[in-house]
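Working notes for the structure below.
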Amino acid sequence: MERNLRHHKQEDKPDKFFMIRNILNLIFVLGAVIGLLFYFFWGKETGTFIILISMAFKFFECIFRFIK
């Protein structure tokens, strides 16, 4: 019995923005966690501001993803 396995298509050439995207994602995740900590423990306005800034990094990462 043959199983129908779905695989992602392997890309022919590596993504030239891969390292930049990973760094931007790391900044986004760290910023979101720090923003949540600020939001719940110190100040809601400061936490919201930090989360919005980290969302900007995610936005730029998405732009690099669509450029390739």
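The values are calculated or read from the model by the stated rules, or taken from the named source; none is laboratory data. Only a predicted model underlies this, so the values are computations on that prediction, with no experimental measurement involved. Glycine gets a Cβ as well: all are built from the backbone with ideal geometry, and neighbour counts include every protein chain shown.
Residue pairs whose Cβ atoms lie under 6 Å apart, separated by 6 or more positions or on different chains, with the first residue in the stretch 39-68 and free of Cβ contacts under 8 Å to residues at least 60 places away in the same chain and the second not in a helix (DSSP H, G or I), are Phe64/Phe17; Lys68/Asp15. If you check Phe41, Phe17, Phe60 for being modelled with pLDDT of 90 or more, aromatic (Phe, Trp, Tyr) and in contact with a helix residue (DSSP H, G or I) (Cβ under 8 Å, 6 or more places away or on another chain), only one passes: Phe60.
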